[in-house]
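Below you'll find the structure, written out as structure tokens, and then a few comments.
The values are calculated or read from the model by the stated rules, or taken from the named source; none is laboratory data. None of the values given here were measured: they were computed from a predicted structure. Every residue, glycine among them, receives a Cβ derived from its backbone with ideal geometry; neighbour counts consider all protein chains shown. Remember, those area values only see protein heavy atoms, side chains included, never the ligands or the DNA or RNA. Shrake-Rupley method; radii C 1.70, N 1.55, O 1.52, S 1.80 Å.
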Amino acid sequence: MQGDDSAYDRIFTTDSDRSMLERFWTEACNAATEQLKKFIVEVSDNSEGNTIDLSRDYVVKLELSSSYDNNLTESVQASLFSFFVSVIVAKWYKFTNKEEIESYGADALGMMNDVMGKIFYRKKPTRVVPTP
Amino acid sequence: MARQTITITLYKSELVYDVQNKTYLTGRSRQKDNNHEDVANMQANDDEENANQILRSLGNAFATLKTKLSEYLEEDGTSANDIQMDGTENIVIALKVPSNFNPATNDTISAALHQYIVNTAIGDWFTITNKPDAADYIKQAVINLEQIREAVNKRVRPQRTTPTPPEPTPDPEPTPESTEEAETTENP
């Protein structure tokens with residue numbers, strides 16, 4: 001952003017941008033729900049409200065395969081977090097920093113791909129030796 | 001000579017594991033880019049819908065096998081149903097074979113029966129989840145059927161039992177009556 005004196009003011013978010021960020025947050029929630037819908041048992045209501053409520057987390061309960069590896073859950077959560085950040089930043093940059101939209105958009109896609117890769121990962125089957 | 005019965009037990013857990021393992025390895029080797037869902041779909045596991053499909057296929061394969069081997073099976077009963085086979089009960093096949101059946105092929109038969117059922121089940125599974133590989137397994141099952149037929153029809157070479165000629169009986173001692181009789185016959 002060198003040589004762009006207005007970059008900081010333009011890109012930095014302030015409290016007055018919160019309602020717009022809230023909208024992006026909702027859109028990111030919807031995008032995540034769309035991707036995960038196949039597995040969703042329960043999902044929090046993240047529809048856009050009239051007021052900004054920071055306590056409304058995105059909580060989703062997934063029913064995964066019996067051969068899903070539980071060790072991946074933390075990582076799935078971290079990737080989902082990055083997905084949300086990238087989606088919101090990409091959307092924010094639509095208005096403030098168009099040159100970097102693509103990079104954040106690609107990041108968001110990559111993160112969701114990462115989430116799906118872990119969710120669909122199957123542990124190898126285990127053989128139970130029969131007793132004749 | 002009396003026919004003999006050979007009993008072959010196919011453990012359901014071994015059949016299911018073989019199906020799961022083969023489909024797991026297939027999925028793993030087909031992994032590329034972002035085809036996570038396709039790969040996951042190929043890999044049969046214990047999820048209810050997966051297990052039901054696999055058990056149904058195992059049951060169908062076993063039923064076909066019984067038709068193919070009907071001349072060696074003796075089962076009675078006048079009713080049947082289409083209830084999916086149980087996931088725990090093993091498959092037991094009792095084959096009535098001729099007395100000169102070659103028992104050296106017992107292992108071949110059990111291995112080929114196992115392979116036939118597994119390949120048929122994977123063929124069914126891949127027809128749903130991985131079409132390009134399905135035909136290979138179905139072809140392989142046909143080959144397994146040939147192996148079963150060949151093994152079941154092996155016979156032991158007949159063994160010649162050398163007969164022991166009866167001991168020659170010694171001539172009886174001539175009695176006075178028999179001597180007279182002989183003289184009378186010679187000189188009427």
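Checked against the criterion of being among the β-branched types (V, I, T), surrounded by 12 or more Cβ atoms within 10 Å (Cβ to Cβ) and not in a helix (DSSP H, G or I), segment B:8-18 contains one or more residues that satisfy it.
Against the condition at pLDDT below 95 and basic (K, R), how does B:K32 come out, does it pass? The answer is yes for B:K32. Residue pairs whose Cβ atoms lie under 6 Å apart, sitting 6 or more positions apart in sequence or on different chains, and linking a residue in segment B:1-19 that is within 9 Å of another protein chain (Cβ to nearest Cβ) to a partner that is hydroxyl-bearing (S, T, Y), do not occur here. A:S86 fulfils the conditions (1) of a type in the set (S, T, N, Q); (2) farther than 15 Å from A:E27 by Cα; (3) open to solvent by less than 70 Å² (accessible area, probe 1.4 Å) except for a single criterion, (2).
Cβ separations smaller than 7 Å between residues 6+ apart or across chains give the following pairs from segment A:101-119 residues that are without any contact (Cβ under 8 Å) to a residue 40 or more places away in the chain and facing chain B (nearest Cβ under 10 Å) to residues that are open to solvent by 60 Å² or more (accessible area, probe 1.4 Å) and among the polar types (S, T, N, Q): A:N113/B:N34. Set side by side, the residues B:A40, B:A51, B:A44 differ, and just one is within 11 Å of another protein chain (Cβ to nearest Cβ), surrounded by 13 or more Cβ atoms within 10 Å (Cβ to Cβ) and in a loop (DSSP other than H, G, I, E, B), which is B:A44.
In the set (1) within 14 Å of another protein chain (Cβ to nearest Cβ); (2) open to solvent by less than 30 Å² (accessible area, probe 1.4 Å), A:K123 fails one condition alone, (2).
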